[in-house]
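The values are calculated or read from the model by the stated rules, or taken from the named source; none is laboratory data. These figures come from a predicted structure and were not determined experimentally. FYI the Cβ positions are ideal-geometry reconstructions off the backbone, even for glycines, and counts take in every protein chain you see. Please note that ligands, DNA and RNA were not included when accessible areas were found on the heavy atoms of the full protein model with its side chains. Shrake-Rupley method; radii C 1.70, N 1.55, O 1.52, S 1.80 Å.
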Amino acid sequence: MPEPILIAHRGNTMGRNEERENSPLYLQETISNGFQVEVDVWLVDGKFMLGHDAPQYEVGIKFIEGDNFWCHAKNKEA
């Protein structure tokens, strides 16, 4: 039987942390603890941004590529 996939919503693993969720450092910490992460992705003026209610953190496409990210497009451009 395959191992379960643990997915942390916006990087949260122990309840909401609104100040840190979707931030690149928080996501990297969560991944290093064995989780995959669901992130909120925006595409604004050709730049990938993370953030729930609004784009907050600019990231490169390489940051969100790969098996550890589950991307939730927050605007049609994303």
The chain - percent relative contact order, Cα under 8 Å, separation 6 or more: 28
Percent of beta bridges antiparallel (DSSP, the chain, rounded to nearest 5): 50
Estimated dipole of the chain in Debye, rounded to 20 [Cβ of Lys and Arg +1, of Asp and Glu -1, Cα centre]: 60
Derived scalar couplings ³J(HN,Hα) [the stretch 31-37; Karplus, 6.51 cos²θ - 1.76 cosθ + 1.60; whole Hz; x for Gly, Pro]: 4, 5, 9, x, 9, 9, 10
Percent accessible area from carbon and sulfur atoms, the chain, protein chains only, probe 1.4 Å: 52
Length gained when the stretch residue 7-residue 47 is fully extended (0.36 nm per residue, less Cα-Cα span): 11.9 nm
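What trypsin sites (Lys or Arg not before Pro) in the chain are in a loop by DSSP, with at most 14 other Cβ atoms within 10 Å of the Cβ?
Qualifying residues, ordered by number: 16, 76.
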